[in-house]
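The values are calculated or read from the model by the stated rules, or taken from the named source; none is laboratory data. Only a predicted model underlies this, so the values are computations on that prediction, with no experimental measurement involved. FYI the Cβ positions are ideal-geometry reconstructions off the backbone, even for glycines, and counts take in every protein chain you see.
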């Protein structure tokens, strides 16, 4: 489902890197209310992530929905995103990553993978990772780090598609990235790469942080 029209007015040519937003999880640690619909500065968490991606070099922006799919898709209505539903979302995060990769257009050589519960990630960070991935010669993956800790979003080469298809359970790409010489790290000075919202306490902390895209 593609809605709206995308315009480019702040940055140069489009990249060959798509964006995949993983927004299918149940978020059980957050409580009964849908986590991704919690409102931060009058916008749902997932919309913050979508807006940041839509303002970036990444194109297209693919959103993988699952739990409360209709409600999540409703808050994204009118945005120029491509929505794909993950019917197997109950089987864990790996299924959403596989669903997103399967939806990549043929011209996409990589995808920057964002989590729908990380509203502090900014357009500028996404652009930096896309451009650095290209500058570094399109490694198998580019992972941001802060103080030696790996975070998100990550840029994953399309060449990983076969290995991603073999993932299972509630893990992302981490298991196939560990110990590889063709996975590069990129140090950043941005704590947003570690700030996801799992609990109400996490939501309270991000609510006190700057959150504009």
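Since residue 132 meets every condition but one in (1) in contact with a helix residue (DSSP H, G or I) (Cβ under 7 Å, 6 or more places away or on another chain); (2) not in a loop (DSSP other than H, G, I, E, B), which condition does it not meet? (1) is the only condition that residue 132 fails.
Considering only residues that are part of a loop (DSSP other than H, G, I, E, B) and surrounded by fewer than 24 Cβ atoms within 10 Å (Cβ to Cβ), which ones fall in the range 58-75? Spell out the reasoning first.
Going through the range 58-75, the residues part of a loop (DSSP other than H, G, I, E, B) turn out to be 58-60, 67.
Hits for the range 58-75 are 59, 60, 67.
When residue 106 is tested against (1) within 13 Å of the chain's Cα centre (by Cα); (2) within 16 Å of residue 159 (Cα to Cα), only condition (1) is not met.
Filtering 78, 100 for residues that are part of a helix (DSSP H, G or I) and modelled with pLDDT of 90 or more leaves a single hit, 100. Among the residues that make up the range 84-103, is at least one of them over 17 Å from residue 22 (Cα atoms) and crowded, with 19+ Cβ neighbours inside 10 Å? Scanning the range 84-103, I find no residue that is over 17 Å from residue 22 (Cα atoms) and crowded, with 19+ Cβ neighbours inside 10 Å, so the answer is no. Only one of the listed residues (169, 137) is over 16 Å from residue 108 (Cα atoms) and part of a loop (DSSP other than H, G, I, E, B). That residue is 169. The single condition among (1) under 26 Å from residue 179 (Cα atoms); (2) in contact (Cβ under 8 Å) with a residue 40 or more places away in the chain; (3) touching a strand residue (DSSP E or B) at 6+ places or on another chain (Cβ under 7 Å) that residue 138 does not meet is (2). If the condition is being in contact with a helix residue (DSSP H, G or I) (Cβ under 7 Å, 6 or more places away or on another chain) and either part of a strand (DSSP E or B) or surrounded by 19 or more Cβ atoms within 10 Å (Cβ to Cβ) (or both), then the range 36-57 contributes 36, 38, 40, 44, 45, 46, 47, 52, 53, 55, 56, 57. Would you check if residue 107 is closer than 16 Å to residue 58 by Cα, without any contact (Cβ under 8 Å) to a residue 60 or more places away in the chain and either part of a helix (DSSP H, G or I) or out of contact with any strand residue (DSSP E or B) (no Cβ under 6 Å at 6 or more places or on another chain) (or both)? Here the answer is no, as residue 107 does not meet what is asked. Looking across 170, 189, one residue alone is touching a helix residue (DSSP H, G or I) at 6+ places or on another chain (Cβ under 7 Å) and on the phi < 0 side of the Ramachandran plot. It is 170. Here is the figure for the range 175-201: residues that are part of a helix (DSSP H, G or I) and in contact (Cβ under 8 Å) with a residue 12 or more places away in the chain total 7.
On the basis of being in a helix (DSSP H, G or I), touching a strand residue (DSSP E or B) at 6+ places or on another chain (Cβ under 9 Å) and at pLDDT below 95, does residue 164 make the cut? Quick ask: steps written out before the conclusion?
Numbers: in a helix (DSSP H, G or I): yes; touching a strand residue (DSSP E or B) at 6+ places or on another chain (Cβ under 9 Å): yes; at pLDDT below 95: no.
When the stated conditions are applied, residue 164 does not pass them.
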